[in-house]
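See structure below.
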Amino acid sequence: MKKDPLDHILVELKDKEWVSGEEIAKSLNISRTWIWNHINKLKKMGFNISSSAKKGYRLIDIPDVLIPSLIKSYLQTQLLGNNIHFFEQIDSTQNKARELAEQGALEGTVVVCESQTKGRGRRGRNWIHIPYKSIAFSIILRPPLIPSQVMQLPLMAGVALADTIRGVFKLNCSLKWPNDLLIKDKKLAGILAEISGDSEEINYIILGIGINVNSSPQDIPNDIKDIATSIFIETQNNYLRAELIAHILKKLEYWYNLYIKEGFLPIKKKWMEMNATIGRDVIIFLKDKKINGKATEIDNVGNLVILDESGFRQKVFYGDVSLRNKE
């Protein structure tokens, strides 16, 4: 596969103290003028790059941008993120990913944006996305699953996301069934899985992930200040979002491959270790009713099992969960 010059130049700049323009030009079989043009392109994006007639180019500072070349420079995956589509503004990464999937885009293709005009969460609700401070991206997956297994994908993604946040930031995050990542019962991230298929097989799944990264308390809308948080609020540090996406894709690929190979049980075990739902009194909001009870487990399909107020054991396969007291 032909190397993308910008991808190659960024990797070289990040890996070496000084990079020779002549050497890069030779390795890519392009002119030094083209290298100079790409360096200027990076500078216009906010990359602080110094130049020396004798030494070449040196990367001094990296901006917090989500361009594919920067994400790829951090990436350590075999499948996820090989193709990345970036948009400064888009209606929804889910919509664009579905469009690409219908056109035959490869599994692992990622759509990422800086701003969404119609970002959504579960059940068609709006997803609050703060441009240039949050992350919103969607991944095309084509797993060999049957439709009844689809609800396991958000749980798998939740495990991967929590595993990432715990590992990178040492934050004690937890999982709320079926698709939220919490810190101290405040929402940090959400996951959405949308399917194309029929009763017998899946054509593709669009897995959407939204994360509050560098949002300050002032950035959070007033109506959700008490229930939302961000990595910045929890750590008091900003973080390069492109690097975080690469970390997430690495963990997601690991857990996805394990899920395809060994099934749902390893995912369920890890999810239970990090969950914030089991053992709690909950209210399940369904389309036309609500159920009060106590969450007791998730079963081997991924359903939430609750003991309702009448003492009956019910399996819930969809719905919004409101957590009550902790044991």
field: Selection within region 306-320 - more than 25 Å from the chain's Cα centre (by Cα) and not in a strand (DSSP E or B)
entry: E309, S310, G311, F312
field: Those strands (runs of 3 or more DSSP E) lying entirely in region 149-257 with at least 3 residues farther than 27 Å from S322 by Cα
entry: 202-212
- prompt: Are there any pairs, at least 6 apart or on different chains, whose C-beta atoms fall under 8 Å, with the first in region 81-105 and free of Cβ contacts under 8 Å to residues at least 40 places away in the same chain and closer than 24 Å to A246 by Cβ and the second among the hydrophobic types (A, V, I, L, M, F, W, C) and in a loop (DSSP other than H, G, I, E, B), and if so, which?
  reply: N82/L106; N83/A105; N83/L106; F86/L66; F86/I67
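Out of all the residues in region 124-132, is one or more in the same structural domain as I248 (by TED's automatic domain parsing), among the basic types (K, R), closer than 30 Å to L181 by Cβ and buried (at least 18 other Cβ atoms within 10 Å of the Cβ)?
Looking through region 124-132, none of the residues is in the same structural domain as I248 (by TED's automatic domain parsing), among the basic types (K, R), closer than 30 Å to L181 by Cβ and buried (at least 18 other Cβ atoms within 10 Å of the Cβ).
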query: Looking only at region 226-265, which residues are in contact with a Lys or Arg (Cβ under 6 Å, 6 or more places away or on another chain) and either small (G, A, S) or over 20 Å from N214 (Cβ atoms) (or both)?
result: A228
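Run down K250, K269, K289 and say which single residue is basic (K, R), at pLDDT 95 or above and surrounded by fewer than 16 Cβ atoms within 10 Å (Cβ to Cβ). Even if it seems obvious, please write down each step before you answer.
Details: K250 fails: surrounded by fewer than 16 Cβ atoms within 10 Å (Cβ to Cβ); K289 fails: at pLDDT 95 or above.
Going through K250, K269, K289 in turn, just one is basic (K, R), at pLDDT 95 or above and surrounded by fewer than 16 Cβ atoms within 10 Å (Cβ to Cβ): K269.
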- prompt: Do we have any residue at all in region 19-37 that's of a type in the set (D, E, K, R) and closer than 24 Å to N82 by Cβ?
  reply: no
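The values are calculated or read from the model by the stated rules, or taken from the named source; none is laboratory data. Note that the coordinates shown come from a computational prediction; the quantities given were computed from them, not determined experimentally. Because the Cβ atoms are built from the backbone with ideal geometry, glycine has one as well, and the counts that use them run over all protein chains shown.
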